[in-house]
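Beneath this line is the structure, given in structure tokens, with notes to follow.
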Amino acid sequence: MNSKMKVNIFFLLINLLAFSQTELYSSFTISKDLANQANAVIRSNDININLKSSNEMLVVQKRIITVLNKNGNDAVDAYAYYDDVTKIKALEAVVYNASGSQIKKIKKNDFKDVSAVNGGTLYSDSRVKYLEYTPITYPYTIEFTCEVSTSNTAFIDSFRPIEGYFVSTENSSYTIDFPEGFTILTKVKNFTDDVLKKSEGANKIHYEVKNLAALKPEMYSPSFFDIAPKVLLRSTHFTLEGVETTVENWNDFGKWMYNDLIKDTHDLPQSTILEIQELVKNENTDLDKAKKIYQYVQDKTRYISVQVGIGGWKPFNASEVDRLGYGDCKALTNYTMTLLHAAGVKSNYVVVYSKDGQRSLEKDFASIQGDHVILNIPQETGEDIWLECTSQKLPFGFIGDFTDDRDVLVVSSEGGKIQHTKKYEVDESLQIIKGHYSISKDGLIEAKATFQSKGIQYDNKYWLETETERELDKHYKNRWGYINDITIKDMRLHNNKDQIEFIEDISFQGDNYSKIIGDRMLVHVNAFNRNEHVPDRYRNRKLPLKVKRGFKDLDEVEIKIPADYVVESLPKNNSIENKFGVYKTEVIVKDEHTLVYKREFTIKDGEFPKEDYTAFRDFYKTVARQDNAKIALIKS
């Protein structure tokens, strides 16, 4: 091959590369398959991680994303975190219009710079630079380039080619280089067929995917974390804020956390130790001592986020919390544990993913995980006790849907182990209604009932205790929005923390509750607990059916009909039992003007194949229809 031909081939390759890059800036080159159901399309996302040593890592990202409409703006994700040990070396964004022409360039200093944590934080050494761009027209494309160096090597980014719902991915790649002698462990989740391409070389791992269509959320499906494709990665040897360790498994991880992050924080003034011992001196069991100490912490402290120290992982000393009276989840949990130790009660520090998604730690992949800390009190018989130490309101031993039913890391001086938190069974998440209502000859309803709620149903209501009367009035009017012109006459609430049950005594009246047609009157039988929820319909369901938490409702209501009316017909009784739950209703004639309405509605938790969704939806439709049933009265 002569030199002239070589030059021509070189320029041909350069032109092809430039053309290929230009294609990624134009929205017109997106395939219909990727644009379908997408608010944004990731045209290219290349992440390169250079793990140079146990305490030096460089992360370079180049990302091109086309935003198709205003709902896709949040998918841009052009941001970079930094702190005392994490430095932003390069940061830039370039904006292109629909045809791929450049319209704006944003340099590092033009990015917004704010605290990386919310307003509830006392102080923090973590900040974030993020792109604030308001588009004039859609679609548009942003090319985002970021280079970050850090001495914290405990957090190695996962490969997540799909980052949220309604976002498609055209091309995504991930490369990690690491030193000789290092071990990089991986875990692949939720990739189908041969979508994920992997190649390995000497001290290098490379992943690549192409053409992943957008995921669309569906009601009653697993959480996004449980269905999104991802590759988890970690080094067995890492450094976190100068603390170096080698971790092979969760037991090692727990030992490292206890010995290097927690152990040296268990200091208390002698005066506090004596105060705690005096507080519990008349308690005969460890459980009773723990209850007293938990209440002591609730009365003495308040929660405030404090995001400093070892990556937000090391708690403040117990003595500091004792002196200041506040702390974050780590500090308050550690403080409670230290107080319990002073009383001779064993407890353990617990790392968990919080919030309602029931996200578990990866029990077969020991790494930095979790976003919250709670406390465990082991029990030789029966279930362990789990304590949420950041709340001044929750009863002892109640964690609710914030941290229930998930795998967590329990840390002790012996090491770490994965355990499962409390699961609230269907029969525990119980609401019992005992009530009565009367109907006047003009169709007005006068009603009074007691609502007793436990388990997750308690969790849904205990917060009402601290609401203003105005907010409570609004809440109950919304609860019974199907009653015309409702007036809440009386509200009496009782939070029984010992029994972990919430009691509501409510009375109300409403105009035009019944429909009068000539000599007849139609009355909705279910006044207090009418189910109006029907799950969305899907012509082509993609995801499995998942009911995260079950519940049971038991209602018994006495109904007084007007004196000059008699019953003409009653709604039919129901008795339905299937894999999804139970629905039973019965209307009993007590006397000529008194009826008794009984109802049971149970939903079971569980995961079912997507083919079951239609039957599940039909079950809810039946309940909604029968809860809307009417009594027919006629003038006597």
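Details
- Among the conditions (1) in contact with a Pro (Cβ under 6 Å, 6 or more places away or on another chain); (2) at pLDDT below 95, the only one that residue 485 does not satisfy is (1).
- Residues that are out of contact with any Leu (no Cβ under 9 Å at 6 or more places or on another chain), touching a residue at least 40 places away in the same chain (Cβ under 8 Å) and in a helix (DSSP H, G or I), drawn from the stretch 280-297: 287, 291, 295
- Here residue 215 fits the description: under 27 Å from the mean Cα position of the chain (by Cα), among the aliphatic types (A, V, I, L, M) and either closer than 20 Å to residue 543 by Cα or in a loop (DSSP other than H, G, I, E, B) (or both).
- Summed over the stretch 565-584, residues that are surrounded by 13 or more Cβ atoms within 10 Å (Cβ to Cβ) and assigned to a loop (DSSP other than H, G, I, E, B) total 3.
Condition check ((1) aliphatic (A, V, I, L, M); (2) within 26 Å of residue 51 (Cα to Cα); (3) in contact (Cβ under 8 Å) with a residue 24 or more places away in the chain) across all residues:
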site	(1), (2), (3)
148	yes, yes, yes
153	no, yes, yes
159	no, yes, yes
176	yes, yes, yes
180	no, yes, no
184	yes, yes, yes
198	no, yes, no
204	no, yes, yes
210	no, yes, yes
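- Scanning the stretch 585-619 for residues that are among the hydroxyl-bearing types (Ser, Thr, Tyr) and either surrounded by fewer than 19 Cβ atoms within 10 Å (Cβ to Cβ) or in contact with a Gly (Cβ under 8 Å, 6 or more places away or on another chain) (or both) yields 594, 602, 614.
- Any hit, the stretch 10-32, residues being under 28 Å from the mean Cα position of the chain (by Cα) and modelled with pLDDT under 95: no
- Complete set of residues in the stretch 505-517 that are over 13 Å from residue 443 (Cα atoms) and surrounded by fewer than 19 Cβ atoms within 10 Å (Cβ to Cβ): 505, 507
- Test: residue in the stretch 195-210 that is charged (D, E, K, R) and not in a strand (DSSP E or B): no
- Among the residues of the stretch 114-121, at least one is surrounded by fewer than 17 Cβ atoms within 10 Å (Cβ to Cβ), assigned by TED's automatic domain parsing to the domain that holds residue 94, modelled with pLDDT under 95 and of a type in the set (A, V, I, L, M).
- At least 1 residues being surrounded by 17 or more Cβ atoms within 10 Å (Cβ to Cβ) and either without any contact (Cβ under 8 Å) to a residue 12 or more places away in the chain or small (Gly, Ala, Ser) (or both) is the threshold, and among the strands (runs of 3 or more DSSP E) wholly inside the stretch 23-104 those reaching it are 40-53, 79-82, 86-96.
- Selection within the stretch 434-475: residues that are among the hydroxyl-bearing types (Ser, Thr, Tyr) and surrounded by fewer than 17 Cβ atoms within 10 Å (Cβ to Cβ). The member of this set that is farthest from residue 502 (Cα to Cα) is 440.
A quick yes/no check of all residues on (1) farther than 26 Å from residue 561 by Cβ; (2) touching a strand residue (DSSP E or B) at 6+ places or on another chain (Cβ under 9 Å):
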site: 435; (1), (2): no, yes
site: 446; (1), (2): no, yes
site: 452; (1), (2): yes, yes
site: 470; (1), (2): yes, no
site: 477; (1), (2): no, yes
site: 500; (1), (2): yes, yes
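- Set 248, 244: member being surrounded by fewer than 18 Cβ atoms within 10 Å (Cβ to Cβ) and either assigned to a strand (DSSP E or B) or in contact with a strand residue (DSSP E or B) (Cβ under 7 Å, 6 or more places away or on another chain) (or both): 244
- Among all positions in the stretch 363-376, there is at least one residue which is outside any loop (DSSP other than H, G, I, E, B), surrounded by fewer than 22 Cβ atoms within 10 Å (Cβ to Cβ) and in contact with a helix residue (DSSP H, G or I) (Cβ under 8 Å, 6 or more places away or on another chain).
- Residues in the stretch 148-183 that are under 17 Å from residue 240 (Cβ atoms) and in a strand (DSSP E or B): 148, 149, 150.
- Screening residue 535 with (1) at pLDDT below 95; (2) within 30 Å of residue 165 (Cα to Cα); (3) of a type outside the set (D, E, K, R) gives one miss only, at (1).
- In the stretch 251-288, the residues that are of a type in the set (A, V, I, L, M, F, W, C) and within 23 Å of residue 330 (Cβ to Cβ): 253, 256, 257, 261, 262, 268, 273, 276
- Residue check, residue 558 at pLDDT 95 or above, acidic (Asp, Glu) and in contact with a Gly (Cβ under 8 Å, 6 or more places away or on another chain): yes
- Top-ranked residue of the stretch 506-545 - restricted to ones that are among the acidic types (Asp, Glu) and either over 35 Å from the mean Cα position of the chain (by Cα) or not in a loop (DSSP other than H, G, I, E, B) (or both), ranked as farthest from residue 619 (Cα to Cα): 519
The values are calculated or read from the model by the stated rules, or taken from the named source; none is laboratory data. The structure presented is a predicted model; accordingly, all values stated were derived computationally and were not measured. Note that we place each Cβ from the backbone using ideal geometry, even for glycine, and neighbour counts take in every protein chain shown.
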